[in-house]
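To start, the structure under review is shown below, and the notes come after it.
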Amino acid sequence: MLGYFETLSNWGRWGEDDELGTLNHITDDVRLAAARAVRHGRSVSCAWEVAVPEEMERSTTACPCFADTPGAGAMPIPGFRNDRHWGYSNERLGILFHGNTVTHVDSPCHIFWDGRMYNGRPHSLVDAETGAAWGAVTAAANGIVTRGVLLDIAEVRGVPSLEPGDGVFPADLEEAERRQGVRVRSGDAVLLRTGYGRVRHEAGPSGGVTQAGWHASCLPWLHERGVALIGADTPTDVQPSGYDDLAMPVHTVGLVAMGLWLLDNCDLEACAVTAAELGQWDFQLAIAPVRFAGTSGSPVNPIATF
């Protein structure tokens, strides 16, 4: 596994100043091919709603205007002008999007190994006050628009959902390709359905540290296929990973060595239902990270259009 840092490395592949990593696989031709994957015109979200107050800190700002209230003189009425016809609401939000619940994208500066980030940049380029000067989410400011492929591993294994701790291996990926009549190719975004989204809809987030997900043995497969981004309906890595030295090898090798962007905590249930109904397991996937300067990722709402 530690050898993957060398054998799967993309450092220098697209130039010494490259911050996009595997997103370089998404060429103009790949985007055009993704547009041709739209055959029905149906769009579905692949994100969870961000809950309040569980995952979001909210403070409401009201309009400091006044309205005349009979018998009480001029009284403050938050959010209304004095004619009472026009009003508004406004929020100041705080959110910690990394973790096991919020749908978000990870950019290369999210993980370090031996003090280095993707393309060999030192971790010191990430400052507590100013954020990241390298590999931040703003590298993807033009958006991530490519062909998405949903691989339904729960369906392949004939179970409602994988058990916590179940890893997904290359053989599972290829069996899903065979059953679904689709093949992952260069520039694709691969979304992995373990069925955890179904469990979460029924019982809520588990809150545990044991989860199904991508096994690290898939990394060479992803490298060989030229995959641009991977996602899952869990926080991506199977936990426990099975490796003492790497608690999250897909995150670590993927982000640091490969520059592989990750999409954590998707809700893929509607996507899977739509794919099965239409008999189509590829689609145009559009992800627009918020341009937060110097951040290691962004909450996102990925849209799959069939």
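What to note about this one:
- Relative protection proxy for 89-98, 18-27, 161-170, from highest mean packing down: 18-27, 161-170, 89-98 (other beta-carbon atoms within 10 angstrom).
- Ala247 versus Glu49: modelled label distance in nm, points set 7 Å from Cα along the beta carbon direction: 3.2
- Rounded to 5, the percent of DSSP beta bridges in the chain classed as antiparallel: 70
- Across the stretch 172-183, computed HN-Hα scalar couplings (Karplus, 6.51 cos²θ - 1.76 cosθ + 1.60, θ = phi - 60°) run 5, 4, 6, 5, 5, 4, 4, 5, 8, x, 9, 10 Hz from first to last residue, x flagging Gly and Pro.
- Rounded to the nearest Hz, the phi-derived 3J(HN,Hα) couplings of the stretch 208-223 under the Karplus curve 6.51 cos²θ - 1.76 cosθ + 1.60 (θ = phi - 60°) are x, 9, 8, 8, 7, x, 5, 8, 4, 5, 7, 4, x, 4, 5, 5, where x marks glycine and proline.
- Options Ser43, Ala33, Leu8, ranked by Cα towards positive dipole end of the stretch 1-48, top entry (Cβ charges): Ser43
- Within the stretch 210-289, the chymotrypsin sites (Phe, Trp or Tyr not before Pro) that combine a DSSP coil assignment with at most 15 other C-beta atoms in a 10 angstrom radius are Tyr243.
- Here is the list for the stretch 1-51: trypsin sites (Lys or Arg not before Pro) lying in DSSP coil, each with at most 15 other C-beta atoms within 10 angstrom of its C-beta, are Arg13, Arg39, Arg42.
- Using the Cβ of Asp172 as centre and a radius below 12 Å, the other residues enclosed give a net charge of -2, where K and R count +1 and D and E count -1.
- For a label point 7 Å along the Cα-to-beta-carbon line of Asp17, residues of the stretch 133-158 with backbone N under 20 Å: 133-143
- Whole-Å distance, taken between Cα centres, linking the stretch 194-241 and the stretch 1-26: 22
- Largest mean-square fluctuation among Ala154, Ala171, Ala286, in a Gaussian network model of the chain whose springs join Cα atoms under 10 Å apart, belongs to Ala171.
- Amide H partners (placed H, <5 Å) of Gly148, local residues excluded: Ala189, Phe283, Gln284, Leu285
- Listed residues Cys109, Val290, Trp134: farthest to the positive end of the dipole of the chain (Cβ charges): Val290
- Antiparallel DSSP beta bridges within the stretch 166-284, as percent of all bridges there, nearest 5: 10
- Taking 7 Å steps out from each Cα toward its Cβ at Leu125 and Ser186 produces label points 2.5 nm apart.
- Shown here: Rg and Dmax of the Cα atoms in Å, derived from the displayed model; of the candidates (i) 21.4, 71; (ii) 21.7, 79; (iii) 26.1, 98, it corresponds to (ii).
- Estimated FRET transfer efficiency (Thr7, Ala141; beta-carbon r; R0 30 Å; 0.05): 0.45
Readers should treat all values here as calculations from the given coordinates under stated rules, not as data from a laboratory. Quick caveat, the model's predicted, so the values are computed rather than measured. For neighbour counting, all protein chains shown are included, and Cβ atoms are generated from backbone atoms with ideal geometry for every residue, glycine included.
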